[in-house]
Every structure is written in structure tokens, then in C-alpha cells.
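Following: one structure in C-alpha cells, then a few remarks.
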Amino acid sequence: MDIEHRIKLLYRHVLGRDADPAGLAHWTGFAENQGGIGGVAAAMVSSEEYLRREQSSAARVMPRALLDACVIALGRDLLIVDVGAQKLDYEEHIYSELLSVGAYSIVGFEPLSEKLEQRVALESDSRLVMLPHFVGDGSQQTFFVNNYDATSSLYPLNEPFTQLFPALSPLRTERTESVKTETLNHLLADRGRVDFLKLDIQGYELNALRCADQILGRTNVVHCEVEFSPIYAGQPLCSEIEMFLRGHGFELIDLVREARGAYHLPSSNDSADRLLYAEAVFFRADEPDYLAQAMIAWMVYGKSGLAERLLIQHDERCGTAFASLARMD
């Protein structure tokens, strides 16, 4: 993947916006002549814009008294399941703030051995278990290994579409492998309630969810990459995933980390006008664990209002007063 595209990804995931032309030109020159892509990332996370964004997030930190009360009342570790668990250089795990709870465990699935070993080495977390499975529908599949490994998929690239966009056109499949997929129903059969199920498997998410019905019945939140444009040939799009999860008792709450693309044009117009993909947030509406959901809403997404509403629902069901703690300074 070329430097310009990597810098565009940094803009989206570090600064939360699309790159402006002047900034893109500046950082491309910096990467090529001085600090490389790692230097760009380091400079961005030291920038005033990034610090302002972080301060805005910090203003929504869950009150400690409320957090402690929720953890004690929950009486168990939060279970995070990370499907597609490699650590990308330019972003933190979406659930990283949730780890400050302390009482958690993570089950990660990452079939690329190098990326699996890299995450284990980087994090050295005894509460993290990494497993080398391809999560899917239990069938034998072809794995398309692309030049940028984070885009490798069980679906082939839709090249007539990707060639329309400068951000996608450098992608190429370098080789294929025959692989055996495993279902979440099987892999998580001995686990209890899943609090946060994150899926990022490049278009294969719906196939995995269809064979996770037993797990979804005991899952509080699903965080799922969704495509709005057919980057991979034959892949399901966001509307199909939303309908499936709605049928299993989930509500779509929000879209985060949206990525938009500009078209290849004779004018070199680089206006990012087409929504390509995003990450969709679904909360279980049918008999969820409201305390776990409230912690996730507040700590992962900064949604203090949603968290307070969930605490009110918990109080109504259990005769408690957690919502009052949400209103304390």
C-alpha cells in the first residue's frame, strides 16, 4: 500500500477525519524524505488537534464511583471477543478504554501467525488469549492474501470497483491459500456471556454471524466492520448485516470510523464523496445486561446519555439507583 494511502488512514483513525490536500501533501513529503510512516504517526499523536480530540474524550470519562459500583454489581469479568485481532500501527483497539475496568478477559482470533505473535509480544497481557483460527461458517474457503495484509479476505477483491478509487486501486492479491474456517458457536461454546463482540474480517462478518446464533443470544454489544460499497466481490453489505442482527434482537446505535473515498478523475478532484466502509455499533435490546452495556456505551463510545438511559432501565428492572450516580460530578 502506498504512503499516501497510509497517511489517509492515519488521518481517519488518529484524527478522526479525512485528510485535507495541504496536510496530505505535507505528511507525504515528510514520510518520503524524513520520518517514514512511523514518524508521521508519532507526529500526529503529538499534535494539538489530536490532544484536543483526546481532551474532548476525557471530558466524558465515566464517574469512578459509578464505574466501581457497576463492576462490583456485575460480579464477573467483562468478556471481550476480538475477531480479526491484529494490532494496527495507526490505531488503538476500539475497546482499549474498557480495559481500565481491570476485570476483563479477551479472546482474540487472528489467523496470520506473524500478527498473532506480534500482538502477544506487544501487549504481554495474561488476560489475553490469542487463537489462530479463521472465523467463518465452518467450511473450507479460499483466503486471498493481499499486498496490504490488513485487507486480506475470504472474498476476492472486486477490482472493477477498487480501480475507481486512488485509495483502493493499489490493492492486489499476491497469493491464495485453502483454509478451514471455524464457527463462533463452536469456538466459544464453553464461554459465558459475551459483553463486547468485535468483528473485522474484511467482508466475511455476516458469514461468521450467521453461525454465531448461540453466541449472539448471550452477547451485549456487537461492534462490526460494515461495507457500504462492494470492495470485495460477492460480499454482503451493511444493510444485510443490520437486518440480520435486528432479527436477533439488536439495535443499530451508531456508525464510527467512517471511511470515504475520492474517485479517480481527470481533474484530480480529491473530494472524498463516497462512503466505503465504517464500523457499526449494535446493542442488544432483548434482555441485555444493562450494567455491562452502560460501561461499554460510556467508556468505549463516550455515549454518556445512552449509558444513563441503560442505567435507568436497570434500575427499573432491579430496584436499584445506579442512574443517580451518573448525574454526580
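Residue check, VAL101 against (1) within 30 Å of GLY38 (Cβ to Cβ); (2) surrounded by 14 or more Cβ atoms within 10 Å (Cβ to Cβ); (3) at pLDDT below 95, all met but one. Which one?
VAL101 satisfies all of (1) within 30 Å of GLY38 (Cβ to Cβ); (2) surrounded by 14 or more Cβ atoms within 10 Å (Cβ to Cβ); (3) at pLDDT below 95 except (1).
Would you call PHE196 buried (at least 22 other Cβ atoms within 10 Å of the Cβ), in contact with a helix residue (DSSP H, G or I) (Cβ under 7 Å, 6 or more places away or on another chain) and assigned by TED's automatic domain parsing to the domain that holds LEU98?
Details: buried (at least 22 other Cβ atoms within 10 Å of the Cβ): yes; in contact with a helix residue (DSSP H, G or I) (Cβ under 7 Å, 6 or more places away or on another chain): yes; assigned by TED's automatic domain parsing to the domain that holds LEU98: yes.
Spelling it out, PHE196 is indeed buried (at least 22 other Cβ atoms within 10 Å of the Cβ), in contact with a helix residue (DSSP H, G or I) (Cβ under 7 Å, 6 or more places away or on another chain) and assigned by TED's automatic domain parsing to the domain that holds LEU98.
Can you name the residue in region 255-303 that is within 16 Å of the chain's Cα centre (by Cα) and at positive phi and is also surrounded by the most Cβ atoms within 10 Å (Cβ to Cβ) among such residues?
GLY302
So LEU275 passes all but one of these: (1) farther than 25 Å from LEU164 by Cα; (2) free of Cβ contacts under 8 Å to residues at least 60 places away in the same chain; (3) not hydroxyl-bearing (Ser, Thr, Tyr). Which condition number does it fail?
If we test LEU275 against (1) farther than 25 Å from LEU164 by Cα; (2) free of Cβ contacts under 8 Å to residues at least 60 places away in the same chain; (3) not hydroxyl-bearing (Ser, Thr, Tyr), just (1) comes out false.
Would you be able to say whether some residue in region 123-138 is part of a strand (DSSP E or B), in contact with a Phe, Trp or Tyr (Cβ under 6 Å, 6 or more places away or on another chain), buried (at least 20 other Cβ atoms within 10 Å of the Cβ) and β-branched (Val, Ile, Thr)?
Restricting attention to region 123-138, the residues satisfying the condition of being part of a strand (DSSP E or B) are 128-131, 134-135.
Subsequent filtering for residues that are in contact with a Phe, Trp or Tyr (Cβ under 6 Å, 6 or more places away or on another chain) retains 131, 135.
Within this subset, residues satisfying the condition of being buried (at least 20 other Cβ atoms within 10 Å of the Cβ) are 135.
Restricting the remaining residues to those that are β-branched (Val, Ile, Thr) gives 135.
Scanning region 123-138 turns up at least one residue that is part of a strand (DSSP E or B), in contact with a Phe, Trp or Tyr (Cβ under 6 Å, 6 or more places away or on another chain), buried (at least 20 other Cβ atoms within 10 Å of the Cβ) and β-branched (Val, Ile, Thr).
Of the residues PHE144, PHE134, PHE161, PHE228, which is more than 27 Å from LYS8 (Cα to Cα), of a type in the set (Phe, Trp, Tyr) and at pLDDT 95 or above?
The conditions single out PHE134.
If you check LEU164, LEU99, LEU116, LEU79, which single one turns out to be farther than 30 Å from LEU291 by Cβ and not in a loop (DSSP other than H, G, I, E, B)?
Just a single option satisfies the conditions, and that option is LEU116.
Anything in region 15-30 that is within 21 Å of the chain's Cα centre (by Cα) and at pLDDT 75 or above? List them, or say none.
Selection gives LEU15, ALA19.
Looking at (1) in contact (Cβ under 8 Å) with a residue 12 or more places away in the chain; (2) surrounded by fewer than 14 Cβ atoms within 10 Å (Cβ to Cβ), find the lone condition where PRO160 falls short.
Among (1) in contact (Cβ under 8 Å) with a residue 12 or more places away in the chain; (2) surrounded by fewer than 14 Cβ atoms within 10 Å (Cβ to Cβ), the lone unmet condition for PRO160 is (1).
Considering every residue within region 4-14, establish whether at least one is in the same structural domain as ILE312 (by TED's automatic domain parsing), hydrophobic (A, V, I, L, M, F, W, C) and at pLDDT below 85.
no
Are any residues in region 96-111 touching a residue at least 60 places away in the same chain (Cβ under 8 Å) and out of contact with any Asp or Glu (no Cβ under 8 Å at 6 or more places or on another chain), and if so, which ones?
Scanning region 96-111 gives GLU97, LEU98, SER100, VAL101, PRO111.
Could you tell me which residue of region 170-190 is nearest to ALA233 (Cα to Cα), considering only residues that are assigned to a loop (DSSP other than H, G, I, E, B) and touching a helix residue (DSSP H, G or I) at 6+ places or on another chain (Cβ under 8 Å)? Step through it out loud before you land on a result.
Taking region 170-190 as the starting set, the residues that turn out to be assigned to a loop (DSSP other than H, G, I, E, B) are 170-172, 183, 188-190.
Then drop every residue that is not touching a helix residue (DSSP H, G or I) at 6+ places or on another chain (Cβ under 8 Å), which leaves 170-171, 183, 188-189.
On the way: PRO170: 16, LEU171: 14, THR183: 22, LEU188: 29, ALA189: 31 Å.
Step by step, filter region 170-190, then rank; the result is LEU171.
Test GLY108 against the stated conditions and say whether it is assigned to a loop (DSSP other than H, G, I, E, B) and surrounded by 14 or more Cβ atoms within 10 Å (Cβ to Cβ).
no
The values are calculated or read from the model by the stated rules, or taken from the named source; none is laboratory data. Computed from a prediction, not measured in an experiment: that's the story for all the values here. Cβ coordinates were reconstructed from backbone atoms using ideal geometry, including for glycine residues, and neighbour counts include every protein chain displayed.
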